[in-house]
1. Among the residues that make up segment 115-127, is at least one of them open to solvent by less than 20 Å² (accessible area, probe 1.4 Å) and in a strand (DSSP E or B)?
2. Quick check on segment 72-86: of everything there that is open to solvent by less than 10 Å² (accessible area, probe 1.4 Å) and over 17 Å from the mean Cα position of the chain (by Cα), which residue is farthest from ASN127 (Cα to Cα)?
3. Filter segment 92-114 down to the residues that are under 23 Å from the mean Cα position of the chain (by Cα) and crowded, with 20+ Cβ neighbours inside 10 Å, then identify the one that is nearest to PRO41 (Cα to Cα).
4. Would you pick out the residues in segment 71-94 that are free of Cβ contacts under 8 Å to residues at least 40 places away in the same chain and hydroxyl-bearing (Ser, Thr, Tyr)?
5. State which residue pairs qualify: first residue of a type in the set (Ser, Thr, Tyr) and inside segment 187-198, second residue open to solvent by less than 10 Å² (accessible area, probe 1.4 Å) in any location, beta carbons under 7 Å apart, and separation of 6 or more residues or different chains.
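The values are calculated or read from the model by the stated rules, or taken from the named source; none is laboratory data. Keep in mind it's a predicted model, so treat the numbers as computed, not measured. For neighbour counting, all protein chains shown are included, and Cβ atoms are generated from backbone atoms with ideal geometry for every residue, glycine included. Quick note on the areas: whole protein, heavy atoms, side chains included, nothing else; ligands and nucleic acids left out. Shrake-Rupley method; radii C 1.70, N 1.55, O 1.52, S 1.80 Å.
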Amino acid sequence: MNIRQRFIIFFFALFLFVQIDGQAQNDNRNFFSVTAGYSLPVGELAREKLNDPFAGLTGSGYYGQINYDFRIARWFGLKFSGSMNKNTTRPQPIVDIADLRVAEIKGIINETTSHTWDTNVSRWKFNAIMVGPSIFLNINRVQLEGHIQGGYVQVTSPTVDMTGRFESGENQILVHLSPASTSGFGLGAGASLRLPIAGPLYFHLSGDFIATEAELKNVAVNVRVGNYPEVGIPINEKRFVGVANIGAGLGISF
């Protein structure tokens, strides 16, 4: 039996259990859950843009999140959540901007051969603490939840180090992007599905979108070719950045 077949059987068995165990209404007012899963970047960091070294620099990743819901009324409540994202870094935008600078300098230093790159990058970090209203739709013990939130968001850009080598074996190329961090107000929205397992324990599926306007100050892509003076490309613009998270986990109601 392959993994896909086991996955289908698991959810079919879970569905039957929900039908048997879900005859009573879920009258609990508190819900605590932990989820983890897949993350995708959204906004200006996710799409390529000319003359912006950060555009297209972020890739997919993973996240972890904790949630606490307090139900004020049967259909309305408050949701508190904290999440940590780590997304991969795609160095190609930095490679492109470095290639332009190398092409400008090659003629000055009399270098005529082509070059290759070795890259070393860290991850983007996107952390958030959010709170906001939520609504609930109860179908026996199965619960659908939707929410909008606002709160504190911190974004940390990656370190990018690249070493370039010419075929001639001379004039080593060094490229460095230092990390930077910014924080501010962000907005979020999402939904979740809660399926009872046994007693207060439930299976939690969730999807969330979190975004902010980030300004990474005093950041520059520094390029050095051989003994030619280092060239710095400053980055001091505001950008709309965010993540879309899809994950699963477990929770308890009480």
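1. yes
2. Filtering segment 72-86 for residues that are open to solvent by less than 10 Å² (accessible area, probe 1.4 Å) and over 17 Å from the mean Cα position of the chain (by Cα), the one farthest from ASN127 (Cα to Cα) comes out as GLY77.
3. This residue is PRO93.
4. Of everything in segment 71-94, just one residue is free of Cβ contacts under 8 Å to residues at least 40 places away in the same chain and hydroxyl-bearing (Ser, Thr, Tyr), namely THR88.
5. SER192/GLU145; SER192/HIS204
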